[in-house]
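The values are calculated or read from the model by the stated rules, or taken from the named source; none is laboratory data. Not measured: the values here are computed from a predicted model. Neighbour counts are summed over all protein chains in view; Cβ atoms, including those assigned to glycine, are modelled from backbone coordinates with ideal geometry. Protein only, heavy atoms only, side chains kept; ligands, DNA and RNA dropped before computing areas. Shrake-Rupley method; radii C 1.70, N 1.55, O 1.52, S 1.80 Å.
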Amino acid sequence: MTTTVNPVLRVAPAAPAEAAAHFRAGLAFHTDVSDVAAALGAGGDPGFVLVDSRSTEAWDQGHIPGALHLPTALVPEQAGQLLDRAVPVVTYCWGPGCNGAARAALALAELGYRVKEMLGGFEYWVREGLAFETWQGRGHRAPDPLSAPVDAGDCGC
């Protein structure tokens, strides 16, 4: 008898212990917009510095309130003056289609910083209806119902 295996199961799922190790490792490297917003909105010291790794032009278009602007290209020469190695860093860039946050996180890690990348970047920050700043002041947009629960502050995950 011939059994057809669908594309999902063509490669068998990992053993539970291997899967747990993989996902635990992923969470050590990544966070998301909802978790960053919750940490920043809780009041007090969130325990990390949020770094916008985009260009000055992108920063001027809008950035997360409280973020530090440190373009990826300037990390090697400016990180030591702006960041404390004892404080974890969370990097972000435009969004899922941009690897600037990953490149900034790599540069910071190579300099001895503990770092995570914020998945979704500025795009998903805005899509979730969270406040942003420009040179004109604060603003926000209505949440995109495809990326943010209508009545909740996180994905409910």
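Listed values, structure above:
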item	result
Residue-normalised accessible area of the chain, expressed per residue, 1.4 Å probe, Å²	62
Local electrostatic count at Met118 - Lys and Arg +1, Asp and Glu -1, tallied over other residues with Cβ under 13 Å	-4
Fraction of beta bridges assigned by DSSP in the chain that are antiparallel (%, nearest 5)	25
Computed over the stretch 1-109: relative contact order in percent, which uses C-alpha pairs under 8 Å that are six or more apart	24
Percent carbon-and-sulfur accessible area, the chain, ignoring ligands, DNA and RNA, probe 1.4 Å	58
Environment charge of Gly62, counting only residues whose C-beta is closer than 14 Å and scoring Lys/Arg +1, Asp/Glu -1	-2
Most positive-pole-ward Cα, Ala67, Ala104, Ala12, against dipole of the stretch 10-157 from beta carbon charges	Ala12
Cα gyration tensor shape for the stretch 1-123, rounded if a/c is under 1.5, else prolate or oblate	prolate
Net dipole in debye of the chain [+1 Lys, Arg Cβ; -1 Asp, Glu Cβ; about Cα centre; nearest 20]	340
Amide H within-cut-off set for Val49, under 5 Å, with H built and near neighbours excluded	Val89, Val90
Label-point separation, Ala28 to Val11 (7 Å along Cα→Cβ), nm	2.1
Helix-only CD estimate at 222 nm, as mean residue ellipticity for the chain, using -39500 (n - 2.57) per DSSP H run (n ≥ 4)	-10000 deg cm²/dmol
Fluctuation leader among Arg141, Arg103, Arg54 - the chain, Gaussian network, Cα springs under 10 angstrom	Arg141
